[in-house]
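Trainee: Quick one: structure below, then a few questions.
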Amino acid sequence: MDTEQTDETFETTEVKSSAIDNILPTSNEDEMKNLMKDLDREQAYREHKCWRQYITVIISIIFVLFQLYATLSGLVTAQILRATHLAFVQLLAFLLFPATKKMPRNTLPWYDVILGLIGAGCWMYIVINFQNLVRRSGNNTTLDVIIGIIGILILFESCRRIVGLPIMTIAAVFVIYAFVGKYLPGFLHHRGYSLQRVVCHLFYNTEGIMGTPIGACSTFIFLFILFGALLERTGIGQFFIDVCNAIAGGASGGPAKVAVLSSALLGTVSGSSVSNTVGSGSFTIPMMKRLGYKGEFAGAVEASASTGGQLMPPIMGAAAFLMSESLGLPYITIVKAAIIPAILYFTGIFITVHLEAKKLGLKGMPREQLPKFLPLFLSKGYMILPLVVIIWFLCAGKTAVFAALMGIVSCLLIGIAVSIVDLAKGRKPTFGSKDLIDVMCAAARNIISVAIACGMAGIIIGIVTLTGLGLKLGAGLVSLAGGKLFLTLIFTMLASIILGMGAPTTANYLITSTITAGAIIQLGVQPLAAHMFAFYFGIIADVTPPVALAAIAGAAIAKAKPMKTAFNATKLAIGAFIIPYMFVYNSQMLMIDASIGRILFIIATALIGMFGISVALEGYGFNFTGLLHGTNKSKGLIITLDVIERGLFALAGLLCVIPETRSDIIGLSMMAVLIAYQIIVKRILLTKNK
């Protein structure tokens, strides 16, 4: 009896999902792939055929198995693990990524094979000669220096191909500074370093390329990327979209709300803003346009929501793991700190989407064509169990490595169990050996850009530690800002956004936190708040003009104007420009030294504040007069606000978002007065007009 009910539930869910597919235009999968390859360097990889495919697959499998062995056994020393990790990364980087975007992706030039082997060989030189290198530390041979120079140059070339020119250029400037600093005046002057000292410090030392960033990348970041690849293979992305359709698809402006909710959930699987935008946007953007949203707004909704996916706990972007490592804090502390800001960010987008839908008079999708939540959850709810496992172990105080391993094990067990059920019912297995191989290949490919970014950041950090430049730049930044915290934050924000226009979040965070976080901390700010500040603005660069890669991806799917889409996305993501300043000035928003009662009060007042800010930006608010008296003069429950009202709502909202009792009281009082004005004064005006 139970089996029959389950089958019926599954069939019902499938019918509803098909109904959704029937009411929106189907996106061309090849078109979406090409879009991602054009906008996201990490997706512009070669798709090998024949024998070349088998070579990359075998290398990827060996890479993953080595990483799992190193983690489970604990027998591989840190430097050996990091060097071997980089050897695999360098080899795969040249086998999978062409020299330029214009080069064909179905060929493998001989020189890329040579570069890959040389790059891998340089790092294996450390593995093979590890004991000798340790014994002659500080007295390296000419061969050591030559190997180091070649390894660094090949790392630069792989960075140019995969991560981009900005971080490569910055790293090159830092390396040059190590040699020319002795000729520079003022605080930039240092005593000078030889070629041997610089190369050996960067290549063989754990304060250089093999420093903390690569240490994190070769351990728990790799495991979480493998976990994310497993989750994607289970079809959890489509499950999230179906769940969000069941919850919000029938509401006013349903598809836009689905975009916000699903993008927040998909952020637990993919750490790329562009991938999130294209992945869920291929479903949600056509639905939004079909419903009546303008293309620029539809693309902006998806871009801003997808970009925020990296801010959403429990599994955030790779930079969040690096933050945990660099601050020496448990990852669960980073997760707790990110909860309130993430809620506020997505609440702001959600409210704006709702107001836009009311303004345009947009309805939701037909309820009969949407999946039912309970049947859907009963048939496919098992997909969220791995996420529950991760959260459980993190909250239990286990390390990120242990939690990731348990998440991977739970994914595999669920995949095996579902496949056994499929075979018992005469269906094709949902998860087979080919899927497992594909997951390993995806994990090995996805770690490449992160590892290279971490390696380049290691070069920058290495030069900073060698020359003492970090303290000098921090002091210089504080001096430039005249010792004012607000100006220092402004400069940090601008640096993060500019760098984020050309560098991935991971590299952006590593560089800005190295250079600017120390300056912010000098001015009395909590270290976690300072690092989170740099993290936030590095991420939001993906929707900030003029580059705004996530917004451009959304515009391409919506067939809308890129810059107009980017400006709309910036407006929707306004919370990300305000919230970081709030938690820097009061770290209780990050749950630092705050009681439960205080946390709940901060959340409540901040949500009211985001409502006020969203109303001000949109220029429309709830027509409370219409609600009470049936007036339908301003499109249902929406009424146009004049400039003064918008300014007052914005001010009241900002005061409520600031986590201080005095500002909260003033902001709430202003909000109450504004609402009372809507109900009482406008009622009198409407009555007189009649």
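The values are calculated or read from the model by the stated rules, or taken from the named source; none is laboratory data. Note that this is a predicted model, so its numbers are computed, not measured. Cβ atoms come from the backbone with ideal geometry, glycine included; neighbour counts cover every protein chain shown. Only protein heavy atoms, including side chains, enter the accessible area calculation; ligands, DNA and RNA are left aside. Shrake-Rupley method; radii C 1.70, N 1.55, O 1.52, S 1.80 Å.
Trainee: Counting just the residues of the stretch 249-293 that are of a type in the set (Ser, Thr, Tyr) and farther than 22 Å from residue 314 by Cα, which one comes out modelled with the highest pLDDT?
Mentor: 293
Trainee: Can you name the residue in the stretch 429-483 that is more than 28 Å from residue 165 (Cβ to Cβ) and among the polar types (S, T, N, Q) and is also least open to solvent (accessible area, probe 1.4 Å) among such residues?
Mentor: Among residues in the stretch 429-483 that are more than 28 Å from residue 165 (Cβ to Cβ) and among the polar types (S, T, N, Q), the one least open to solvent (accessible area, probe 1.4 Å) is 430.
Trainee: Let me ask something additional. Listed residues 139, 106; which is open to solvent by 70 Å² or more (accessible area, probe 1.4 Å), modelled with pLDDT under 90 and touching a His at 6+ places or on another chain (Cβ under 9 Å)?
Mentor: Going through 139, 106 in turn, just one is open to solvent by 70 Å² or more (accessible area, probe 1.4 Å), modelled with pLDDT under 90 and touching a His at 6+ places or on another chain (Cβ under 9 Å): 106.
Trainee: Next up: Looking at (1) of a type in the set (S, T, N, Q); (2) open to solvent by less than 20 Å² (accessible area, probe 1.4 Å); (3) without any contact (Cβ under 8 Å) to a residue 60 or more places away in the chain, which one does residue 513 not meet, given that it meets all the others?
Mentor: Exception for residue 513: condition (3).
Trainee: Could you list all residues from the stretch 530-548 that are open to solvent by less than 10 Å² (accessible area, probe 1.4 Å) and either free of Cβ contacts under 8 Å to residues at least 60 places away in the same chain or of a type in the set (D, E, K, R) (or both)?
Mentor: 530, 533, 534, 537, 541, listed by residue number.
Trainee: Tell me yes or no: at least one residue of the stretch 150-170 is at negative phi, open to solvent by 60 Å² or more (accessible area, probe 1.4 Å) and touching a residue at least 40 places away in the same chain (Cβ under 8 Å).
Mentor: The initial filter retains those residues of the stretch 150-170 that are at negative phi, namely 150-163, 165-170.
Remaining after also requiring open to solvent by 60 Å² or more (accessible area, probe 1.4 Å): 150, 153, 160, 165, 169.
Okay, now just the ones that are also touching a residue at least 40 places away in the same chain (Cβ under 8 Å), so 165.
Yes - at least one qualifying residue is present in the stretch 150-170.
Trainee: Quickly run through the stretch 392-407 and pick out the residues that are touching a residue at least 60 places away in the same chain (Cβ under 8 Å), in a helix (DSSP H, G or I) and open to solvent by 70 Å² or more (accessible area, probe 1.4 Å).
Mentor: 395
Trainee: Any chance you could count how many residues in the stretch 483-504 are modelled with pLDDT under 85 and over 28 Å from the mean Cα position of the chain (by Cα)?
Mentor: Total satisfying the criteria: 1.
Condition check ((1) touching a Gly at 6+ places or on another chain (Cβ under 6 Å); (2) over 18 Å from residue 458 (Cα atoms); (3) assigned to a helix (DSSP H, G or I)) across all residues:
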site	(1), (2), (3)
115	no, yes, yes
127	no, yes, yes
143	no, yes, yes
147	no, no, yes
155	yes, no, yes
173	no, no, yes
191	no, yes, no
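Trainee: Run down 439, 464 and say which single residue is of a type in the set (A, V, I, L, M, F, W, C), modelled with pLDDT under 90 and part of a helix (DSSP H, G or I). Write out each step before concluding.
Mentor: Working: 439 fails: modelled with pLDDT under 90.
Testing whether each residue is of a type in the set (A, V, I, L, M, F, W, C), modelled with pLDDT under 90 and part of a helix (DSSP H, G or I) leaves just 464.
Trainee: Which of the residues belonging to the stretch 585-612 are open to solvent by 10 Å² or more (accessible area, probe 1.4 Å), touching a residue at least 60 places away in the same chain (Cβ under 8 Å) and part of a helix (DSSP H, G or I)?
Mentor: In the first step, residues of the stretch 585-612 are kept if they are open to solvent by 10 Å² or more (accessible area, probe 1.4 Å); the result is 585-588, 591-601, 603-604, 607-608, 611.
If we keep only those that are touching a residue at least 60 places away in the same chain (Cβ under 8 Å) as well, we get 585-588, 591-592, 599, 601, 603, 607-608, 611.
Scanning the stretch 585-612 gives 585, 587, 588, 599, 601, 603, 607, 608, 611.
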